[in-house]
Amino acid sequence: MSENTTKQTQTESAATDSDQPLTTTAGETAERTQSEWTEYDFRGEAKMTVDDLDVYYGDDHALKGVSMEIPEQSVTALIGPSGCGKSTYLRCLNRMNDRVSSARIDGSVELGGQEIYQDGVNLVELRKRVGMVFQSPNPFPKSIRENIAYGPKKHGDLDTGLLARLLNRSDADERDELVERCLRDAALWDEVSDRLDDNALGLSGGQQQRLCIARCLSVDPEVILMDEPASALDPIATAKIEDLIDDLAEEYTVVIVTHNMQQAARISDQTAVFLTGGELVEYGDTDQVFENPHSERVEDYITGKFG
Amino acid sequence: MAGAGQTDTQLVEGNTTETDAVAAVAIGLSAVLFALAVAAMFERVSLTGTLAGVQTVTLLGGLLTALGVAVIAFGAGSRLGYVETDPDPSAGLIAGFGAAVPWVVVGGGVASQTLGLGTAGGAVGALVVGGVAFALTVLPREDLGSTLPLGSLLTLTGLVFLTGVIGPDWVWDLGWAQTASITAEFFIPVATLFSALYGGWASAKSYGGFGARGRHMGAYVLVYLNALSIVAFLFILVAYVVVQGVPGLLTGFELGLGTGPQTTILGVSVTLPVSVPFVMNGVALLNDFQGVLPAIVGTVWLVIGAVVLAVPLGVGAAVFLTEYADRGRFTQVVEVATNGLWSTPSIVFGLFGFAFLIPRFGNGKSLLSGMITLGFMLLPLVVITSREAMLSVPDEYRDASAALGVSKWQTIRSVVLPAALPGVVTGVILGVGRIAGETAPILLTMAGGTFIPGSQTVDVIGSFQFTAAPPFVANPALLEATSALPYQLFALITAGVGLGSSVSDPNAFRWATALVLLVVVLSFYAIGIATRYYFRRRLTHT
């Protein structure tokens, strides 16, 4: 925790306190987020630090002043009702929102101490270090092998092209090692090792999603962002993905958006709750957030009274 | 079956009954009549001759009458309770209009022509008869309404043919001009065709036991006959050209070692083991058999040139429009412009080539001008279809690639383009089909002549020359006038005088040219379809 952030949170809490009387008159549902609810003390280093992040889609204020620190080598779950901005938040962490032309982003996101929202950021490098897995499995219509080798090939780390083969400089062996390592890490190797050259679209939904995770691992990321990775899968495939996430957290920093609160409780080390309006309402140890939330709205949400 | 009439709510119906069999035979009869009518229309069945030992017209009449009687009998049987069916209270308005239309024609025709009441009388007759048919369809219960008017129509048509009122020699002179008359050759097949359609519809409804299931069966039979007729028309068209063209194509055909002309393949001189003079010769004074080789080669080069010009440009424009340009006014304008270009008449493109390209390429009609003109014609279709194909590539692929840190251009090249390729190839196939048969632009930009000597066969690859001065490479063949099959066919048809002195059988020569054109275009299609299949397979199988 740098001094800078502490100072900022203090000023914020002061502002919130002065607003307090106004909101009580407006009723219980308009309860304000208190900064100490989102202040999460963890051991170890922060992998990513988000400070006062605002996102606008045109006139729509999708994310309001979110600040949080994401500890490394852990699983952080983002939960909340639909439209609360949790996916938007996730997509800010590797600047995928840049691809939405109407999006405008204010605030700061640091990866390992380096600001990613500044001029001269190398998006290729950023996205290599912060990988992403999407809601619905989206393997390329290519073979399993090519799906995994795609990223490294395009970054010039692997060359198996015609010219390289002719000049006897092909990296085919390195590629096959990489494919095997990524598939083993994604717990898919045993199921597909004998059909690496088959089209990836022939795999089942759960296998496709694990292939996407393997593809994401192929560029050796530090952070893996997952946007509801199990929402399109059946319970057995979901269980496999959850086990996998557990294993991945030993080496990588995982941030996962999920709709499923039981899932968040099962797999995450810390949980952030976003509520309608794009606010981060509570952030803390998963056990604490689920068993003893500070905010009434979060309690209502978790116990199923709304959302 | 009369006793079972009460149990119309039973879930499982009994086995095929005699009445079902009658209806099924009626459907089959309609299909046979339909096929006969199509065959007669294309003169594959002679109306004046005999078929299965019976006069063709008499046979058609007999079958129509039988079908009509069967349909009426089924409807009446159902109404009187002898046949187990499930009819609605009325056949409905659509069936009413459907039945009224042929009866309007019959009523009008009979009143104005047979009874000689003139135009006004005809109109009255048409309205009255059509109205009666409409009422008879809509007012009674469905089983009677959907069989009686149509069955009587079939019976009437059948009896007219059977009794020889309208025979093979029948002509109805319309009196507008000397040439406007309806002959039996046209009328009998058309009347049979429509009667067969109506008969099939009515008997299919009967087979389904009327009601919702009957209508389903009726629609099913109509849709099926429709699809079949489209396939049949296509097949007949191709078959017609083949039958007419093969004699001319195969004149002087020889098979055996050493019979063919000498050619050089990869530097080795080979004597081909087949000789097909028509596609291997040009026209020369001393030829035994004349041929159209220069036009074939011209067409092939023309298409290759146009594709080479249009595909990179078109795909590039589509990449820019879908992947780089923001969707807005500009892309809309481009879209409207490309759609407009695609519907621009080909003669306008030809005129553009004539006025703009020819003065710039040697001031004479040339292969190059033709290629560029046809390339411009092909361009809009390539842009439109490539754009559609790229838009239909799921955004998930682009997201996945971007999330791996892969740049936009690399994503387009390795993910978007391969996924869009089958669609792009489809567009090129369609476009090639159009430009390979274009006559007007060729007429204005590269026309050679009606008969082209074999010595004028273009040799694009062989005539590349290196020159001392810039641009250092020259290809005179591209700047020479040559011919293409559609233009040669046009020229042969319009030439008339002098045709007989060059070829022994001008008609066979024309048809053979048409056949070769068809084969060339279909070969391009085949290549395109194979390419598309290959790329599509790579996307789903690897």
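Derivation of every value follows stated rules applied to the coordinates shown; laboratory data play no part. Every value quoted in this text rests on a predicted model; they were computed, and no experiment measured them. Cβ: placed from backbone, ideal geometry, glycine included. Neighbour counts: every protein chain shown.
Could you list B:379, B:139 in order of exposure, starting from the residue whose Cβ has the fewest other Cβ atoms within 10 Å?
B:139, B:379
What are the ³J(HN,Hα) couplings of the stretch B:294-300, residue after residue, when phi is run through the Karplus curve with 6.51, -1.76, 1.60 and θ = phi - 60°? Round to Hz, x for glycine and proline.
Listing the rounded values in order: x, 6, 4, 4, x, 4, 4 Hz.
Using the basic label-point model (7 angstrom from Cα toward the beta carbon), what is the residue B:351 to residue A:285 distance in nanometres?
Roughly 8.5 nm, to one decimal.
Pull up all non-local amide H partners of residue B:46: gap of 5 or more, or a different chain, and H-to-H distance under 5 Å with H placed in the peptide plane.
Hits under the 5 Å cutoff: none.
Ranking A:41, A:52, A:157 by Cβ neighbours within 10 Å, fewest first, what do you get?
Going from least to most buried by this count: A:41, A:52, A:157.
How far is it, in nm, from the label point at residue B:219 to the one at residue B:409 when both lie 7 Å from their Cα along the line to the Cβ?
Result: 5.4 nm between the two label points.
In whole percent, what relative contact order does chain B give with Cα contacts below 8 Å and a gap of six or more residues?
The normalised contact order for chain B reaches 13 percent.
If amide H atoms are built 1.01 Å from N in the plane of the peptide, which residues on other chains or at least 5 residues away come under 5 Å of the amide H of residue A:275?
Amide H neighbours of residue A:275: A:281.
Go ahead and run the numbers for FRET between residue A:52 and residue B:540, Cβ-Cβ distance against an R0 of 45 Å, rounding to 0.05.
It comes to 0.40.
Could you tell me the calculated FRET efficiency between residue A:60 and residue B:466, based on Cβ-Cβ distance and R0 = 60 angstrom, to the nearest 0.05?
That pair, residue A:60 with residue B:466, gives E of 0.40.
Normalised by the residues of chain A, what does the relative contact order come to in percent, with Cα pairs under 8 Å and at least six apart?
This gives 26 percent for chain A.
Whole-Hz ³J(HN,Hα) for each residue in the stretch A:203-212, computed from phi via Karplus 6.51 cos²θ - 1.76 cosθ + 1.60 with θ = phi - 60°, x for glycine and proline: what do you get?
Rounded to whole hertz, the list is 7, 6, x, x, 5, 4, 5, 5, 5, 5.
Each residue of the stretch A:114-120 in turn: what ³J(HN,Hα) in whole Hz from Karplus with 6.51, -1.76, 1.60 and θ = phi - 60°, glycine and Pro shown as x?
For the stretch A:114-120, the Karplus-derived couplings read 10, 5, 9, 9, 8, 5, x Hz, x marking Gly and Pro.
Just rank A:225, B:222, fewest to most, by other beta-carbon atoms within 10 angstrom.
B:222, A:225
Between residue A:107 and residues 5 or more places away or on another chain, which pairs have amide H atoms under 5 Å apart, with H built 1.01 Å from N, and which residues are they?
Amide H to amide H, under 5 Å and 5 or more residues apart or across chains, residue A:107 pairs with A:54.
Can you give me the Rg/Rh ratio for the protein assembly as shown, using Cα atoms for both radii and the Kirkwood formula for Rh?
That ratio equals 1.11.
At 0.36 nm per residue, and after removing the present C-alpha to C-alpha distance, how many nm does the segment from residue B:360 to residue B:165 gain when stretched out fully?
Answer, rounded to one decimal: 63.5 nm.
So how far apart, in nm, are the two label points at residue A:184 and residue A:43 if each is 7 Å from Cα heading toward Cβ?
For residue A:184 paired with residue A:43, the spin-label model returns 3.0 nm.
Tell me, what is the FRET efficiency for residue A:300 and residue A:123 to the nearest 0.05, using R0 = 60 angstrom and their Cβ-Cβ distance as r?
The formula returns an efficiency of 0.90 here.
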